[in-house]
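I have placed the structure first, in the form of structure tokens, so that the comments after it can refer back to it.
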Amino acid sequence: MHYPLQVYIGKIREYEGSRPSAIGKYQVDGELKLTELGLEGDQQAEKVIHGGPDRALCHYPREHYAHWAQEFPEQAELFTAPAFGENFSTAGMTEQDVFIGDIYRWGDALIQVTQPRSPCFKLNYHFGVSDMASRMQASGYCGWLYRVVMAGRTSTESPLELVSRVSDVSVAEAIAIAWHMPFDDEQFHRLLSAAGLSTSWTRTMQKRRLSGRIEDNSRRLVGK
């Protein structure tokens, strides 16, 4: 299948009352260069939790914005792409349809789904909603991240084309396993077995299996 997309990049900016962020992205058109760390000209502020080889690109389904506009009608105008800081926006691709390890051709490049996006507390500030990150995680409307398997030249005119599916774990299932289910070692093992899973999620699932408990996500969600 082929999926037309809109593409966005952004620079790191200072935000009074919050940490620096590159969430404020803008649409680009034409030819683009994709490196192993993402789109040329795109930046990430905190590379420990954003960016890097396993998180080179962020994808957010366009259809989710209608949900958020309905949830927060007084702020409905905020909920249009790329408000969540995504690089890609598409219609017709959701967490239900996309699987961990999926490989897509984009122009001359190849990219692979590595993990769901892990919502963080910066979203609370950017939307003026104190628990936005928690709401996003609970809803399952998180989007997902890619690694760049093969860098190259591409274009905003080039659609995403699914070329390989290598696991049976959808992004929606990965979200449910990670955040919506009680401790379930069998499901953690299933997610660990998904080809292409990012190093950070592999580490988290393995730590759960070794410790016998689910980690505390409050610092990521609320910043404390």
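Since every read-out is calculated from the coordinates, none of them should be taken as a lab result. Source: prediction; values computed, not measured. We place every Cβ from the backbone using ideal geometry, glycine too, and count neighbours over all the protein chains shown.
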Practice problem: Find how much the distance from residue 69 to residue 185 grows on full extension, using 0.36 nm per residue of separation minus their present alpha carbon separation; answer in nm with one decimal. | Solution: 38.1 nm
Quiz item: Expressed as a rounded percentage, what relative contact order does the chain have, with Cα pairs under 8 Å and six or more residues apart?
Solution: 25
Quiz prompt | Listed residue (107, 128, 17) projecting farthest to the positive dipole end of region 2-222, Cβ model | solution = 17
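Multiply the residue separation of residue 210 and residue 33 by 0.36 nm, subtract the distance between their alpha-carbon atoms, and state the gained length in nm to one decimal.
Taking residue 210 through residue 33 to full extension adds about 59.6 nm, to one decimal.
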Quiz prompt | Helix runs (DSSP H) in the chain reaching 15 Å along axis by Cα, Kyte-Doolittle at least -1.0 | solution = none
Quiz item: Given the pairs 25/122; 11/207; 11/33, which span a C-alpha to C-alpha distance of over 25 angstrom in this model?
Solution: 11/207
Quiz item: How many angstrom lie between the C-alpha centres of region 155-224 and region 55-90?
Solution: 21
Exercise. Collect residues whose amide H, placed 1.01 Å from N in the peptide plane, falls under 5 Å from the amide H of residue 144; neighbours closer than 5 in sequence don't count.
Key: 59, 117
